[in-house]
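Read through the structure below, which is laid out as structure tokens, and then see the notes.
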Amino acid sequence: MPSDLHMHTSFSDGTLSPEELVAAAKEVGLSYMAITDHDTIDGVSQLYEDGHYPSRGLRLIPGIEFSAHHPVHDIHILGYNIDIYHRELADKLTEITESRWTRFTAMVAKLQGLGYQLKESEVLAVADTSRAISRSHIARVLVKKNFFPSVREAFAVLLEKGKPAYVPHYRPEAAEIVSLIKKAGGLPVLAHPKLVQNEDLVEYLCRDIGIEGLEVFYPQHDEADVVRYLHLAEKYHLQITGGSDFHGFTSRHPTELGVFTIDDSYAEKLYRPL
Ligand SMILES: [Zn+2]
Ligand SMILES: [Zn+2]
């Protein structure tokens, strides 16, 4: 049976609600799933609190995805099995979420200045239940209004680091994120190492900041990448993880759930029964 340890819900920039995601995961026959929203655990807590916790063969691993500060490269760190009620974690997430709000307002203003007619309210309508307002929400409005044919192109032209509408938001240092995940009882995993786009930096992150797992399996990793990252995981005694980075809309991620999965044996090692 297949598993997927990297998925987003409407509580960050995915399109499906946690309940819809659980239903979709059951539909395609996943045995383990992890929800890893950007900078929030609201989707996971909603499932627990509303009693919509998956059952009948599908097992949920609580997760989160942080973005770390770096002047050039994109470093994302996943945290599995974190205590979702951990005080220090909750405070840090509030701080990040608030900074995302300020940044979203600044980006909309920049876009208006560049001649793209869009309103904050239009982005908020797309963001819906998400408190972690992201560039994907802005991109989806730009596509909806026919400025761009796809989210990917909106990013490439305007929203990526260094592009005209880009505004950074507060990101903690990678080492700080790792230590916070550990304090909250979780397993810190370096996400999609290939997207870091610097193998020396990847090796440094695996070796020097307390990372305990590596996302070896990922849609953008080809066979040679997988071999290289398996080797790296072995070298630094890291747990091996993987996932689709499913968001539910067309981007660099697969649009369908269940298209990219990993072997259960990797997911099983992360699963903690309630
Ligand atoms: Zn990521
Ligand atoms: Zn992700």
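When the residues of segment 113-154 are narrowed to those that are in a helix (DSSP H, G or I) and hydroxyl-bearing (Ser, Thr, Tyr), which ends up modelled with the highest pLDDT?
Taking the candidates together, the pick is SER121.
For the list (1) of a type outside the set (Ser, Thr, Tyr); (2) away from ligand 2 (no atom under 16 Å from the Cβ); (3) touching a His at 6+ places or on another chain (Cβ under 9 Å); (4) in contact (Cβ under 8 Å) with a residue 60 or more places away in the chain, I need the number of the one condition that GLU212 fails.
(4) is the only condition that GLU212 fails.
For segment 169-209, give me each residue that is within 16 Å of ligand 2 (Cβ to nearest atom) and in contact with a Pro (Cβ under 8 Å, 6 or more places away or on another chain).
Once the filter is applied, which keeps residues that are within 16 Å of ligand 2 (Cβ to nearest atom) and in contact with a Pro (Cβ under 8 Å, 6 or more places away or on another chain), segment 169-209 yields ILE177, ILE181.
Has segment 54-61 got any residue that is crowded, with 18+ Cβ neighbours inside 10 Å, touching a Phe, Trp or Tyr at 6+ places or on another chain (Cβ under 6 Å) and under 23 Å from ALA125 (Cβ atoms)?
no
For GLY162, all conditions in the list (1) surrounded by 17 or more Cβ atoms within 10 Å (Cβ to Cβ); (2) more than 18 Å from the chain's Cα centre (by Cα) hold save one; what is the number of the exception?
The one condition GLY162 does not meet is (1).
Would you check if there is a residue in segment 198-219 being surrounded by 14 or more Cβ atoms within 10 Å (Cβ to Cβ) and among the basic types (Lys, Arg)?
no
Looking only at segment 31-56, count every residue that is free of Cβ contacts under 8 Å to residues at least 40 places away in the same chain and over 23 Å from GLU98 (Cα atoms) and tell me the total.
10
Quickly run through segment 140-154 and pick out the residues that are touching a residue at least 24 places away in the same chain (Cβ under 8 Å) and either among the aliphatic types (A, V, I, L, M) or closer than 21 Å to VAL72 by Cβ (or both).
LEU142, VAL151, ARG152
Of all residues in segment 5-38, how many are buried (at least 21 other Cβ atoms within 10 Å of the Cβ), more than 16 Å from ASP128 (Cβ to Cβ) and touching an Asp or Glu at 6+ places or on another chain (Cβ under 9 Å)?
Of the residues in segment 5-38, 9 are buried (at least 21 other Cβ atoms within 10 Å of the Cβ), more than 16 Å from ASP128 (Cβ to Cβ) and touching an Asp or Glu at 6+ places or on another chain (Cβ under 9 Å).
Among the numbered criteria (1) more than 20 Å from the chain's Cα centre (by Cα); (2) surrounded by fewer than 18 Cβ atoms within 10 Å (Cβ to Cβ); (3) more than 21 Å from ILE181 (Cα to Cα), which single criterion is violated by ASP128?
Answer for ASP128: the failing condition is (1).
The values are calculated or read from the model by the stated rules, or taken from the named source; none is laboratory data. These figures come from a predicted structure and were not determined experimentally. No Cβ is skipped: glycine too gets one built from the backbone with ideal geometry, and neighbour counts run over all protein chains shown.
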